[in-house]
Amino acid sequence: MMKMMIRLVMASMIAVGLSAPATAQSNATTNMEILRDKIKADKKLLVAGNLQLTDAEGKAFWPVYDAYQKDLQQINQRLTAAIVAYADAYNKGPVANETAKKLLDEALSIDDAEAKLKTSTAAKVMAVLPATKAARYIQIENKIRAVVRYELAAGIPLVQ
């Protein structure tokens, strides 16, 4: 059941473009915001169903979760911008060494930012939940991120 929910949440996240801000008309923007809100709710439901928090645990955990999701959205926006920049460079023909270096540096910076965020969030989660529930939450986040990264990697061609 968890596997299916993770795949559904991930398919929805990828379809929305990793929470990238919509740039189309206001109606399309509103539709994208509605879809993004739905995905966030589905993910939260997935987490809640798998953690089975007590009321006290939930009161302490959900603010940490929400802050992490907000920070993760900023990383997702950076990732989306990097992918768009790569697509633009790729579509113009062979990618110049200078451009490839700049894109690689940004990709590595995004990876570092995500790792630092996960580490700091794990400490915060450990402070408010028992270790087993904290570990389960980090596992869920890792699985979701792995699916997103896999789907992105499958659709992004190698640098030429």
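The values are calculated or read from the model by the stated rules, or taken from the named source; none is laboratory data. Since this is a predicted model, take the numbers as computed values, not measurements. Positions of Cβ are generated from backbone atoms using ideal geometry, with glycine treated the same way; all protein chains shown enter the neighbour counts. Ligands, DNA and RNA are stripped out before the accessible areas are found, and what is left, the full protein with its side chains, is counted by its heavy atoms. Shrake-Rupley method; radii C 1.70, N 1.55, O 1.52, S 1.80 Å.
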Residue-normalised accessible area of the range 43-149, expressed per residue, 1.4 Å probe, Å²: 57 Å²
Qualifying aspartates and glutamates (Cα of each under 12 Å from Cα of K44; at least 8 residues distant if same chain): D66, E141
Spin-label pair V84/I138, simplified geometry with 7 Å Cα→Cβ offset, distance in nm: 3.3 nm
Kirkwood hydrodynamic radius (C-alpha pairs) into Stokes-Einstein, the range 74-160, 4 °C and 1.567 mPa s, D in µm²/s: 88 µm²/s
Under 17 Å from the K92 label point (7 Å along Cα→beta-carbon), backbone N, the range 116-160: 159-160
23 Å Cα-Cα threshold exceeded, pairs from K43/K102; K70/K133; K70/K92: K43/K102; K70/K92
